[in-house]
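Derivation of every value follows stated rules applied to the coordinates shown; laboratory data play no part. Since the structure is predicted, the reported quantities are computational estimates derived from the model, not experimental observations. Here the Cβ is made from the backbone with ideal geometry for all residues, glycine too, and neighbour counts use every protein chain on show.
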Amino acid sequence: MNDSTQPTLWGLIVKTSVVHTVTYFFMGILALTLLNYTEAFSTGVLASFMRPTDSPWVAAGPMLQPIRGLIFALAFYPLREIFFGKNNGWLILWWVLVALGVLSTFGAATGSIEGMIYTIIPTSITNYLEVVPQAFLLSAILFYWVNHPEKKWLNWVLGILFVLIMLMSALGVMAANGMLQVPT
């Protein structure tokens, strides 16, 4: 990848924020449904530190993900030649996200090495079923989008999904705060 095809900082911030938010939302919905987060977060050890799934903060979560996208992009930018300038850059990016963001966090997060050592929360394969695939999708889609700026359809699809997710998140906050009547 030469300098003319390198992503700009602003372009990488926008694309990373959009892709992270979209992949975060879809993997979160899958995990919420398939891993039954509503019950898991309201019972046992998780109930002592996880918000219930009907919390306004949980509804606001997707709307706040562009902040994480910004932070990711600021970390990716100095390494853009490695992540976006090589054929296997997406795989390197995925491994960095998994290694630093899942397995070796500085805090004692569930599923991390620190979490296994310092918390009483049991670790199982389900700890990874949401975050590892989300890191994979983030890496693969972002790599493709950065390296194929001519694919205008991708701008539209991801842009529309991003806007819909922001709207759904805002409506979720309103509903959780009783500002919107949701039919039952």
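For segment 1-57 and segment 112-176, what is the separation of their C-alpha centers, rounded to whole Å?
That distance is 4 Å.
If you line up the long axis of helix 56-76 against the longest principal axis of the chain, both from Cα atoms, how many degrees apart are they, to the nearest 10?
The answer is roughly 30 degrees.
Convert each backbone phi in segment 113-128 into a coupling constant with the Karplus relation 6.51 cos²θ - 1.76 cosθ + 1.60 (shift: θ = phi - 60°), then list the ³J(HN,Hα) values in order as whole Hz, x for Gly and Pro.
With coefficients 6.51, -1.76 and 1.60, one gets 4, 4, x, 5, 7, 9, 10, 9, 6, x, 9, 9, 4, 5, 4, 9 Hz.
With 10 angstrom as the radius, rank 130, 39, 114, 150 by how many other C-beta atoms surround their C-beta, starting from the fewest. Let's see the in-between values first.
On the way: 130 19, 39 12, 114 15, 150 6.
Least crowded to most crowded, the residues run 150, 39, 114, 130.
Once the Cα atoms of helix 152-176 and of the chain are each reduced to a long axis, what angle between those two axes, in degrees from 0 to 90 to the nearest 10, is obtained?
So the helix axis and the longest Cα principal axis differ by about 20 degrees.
Can you tell which of 155, 147, 36 shows the greatest fluctuation in a Gaussian network model of the chain with Cα springs below 10 Å?
The residue with the greatest mean-square fluctuation here is 36.
Pick out, in residue order, every one of the chymotrypsin sites (Phe, Trp or Tyr not before Pro) in segment 88-184 that is DSSP loop and has at most 13 other C-beta atoms within 10 Å; say none if there are none.
Working: sites: 90, 94, 95, 106, 118, 128, 136, 143, 144, 145, 153, 156, 162; in loops: 106, 128.
In loop regions of segment 88-184 (DSSP not H, G, I, E or B), the sparsely surrounded chymotrypsin sites (Phe, Trp or Tyr not before Pro) are 106.
In µm²/s, what is D for the chain at 20 °C and 1.002 mPa s, where D = kT/(6 pi eta Rh) by Stokes-Einstein and Rh is the Kirkwood radius from Cα pairs?
Roughly 121 µm²/s, to the nearest whole number.
May I ask for the angle, rounded to the nearest 10°, between helix 89-98 and the longest principal axis of the chain, with both axes built from Cα atoms and the value confined to 0 to 90°?
30 degrees
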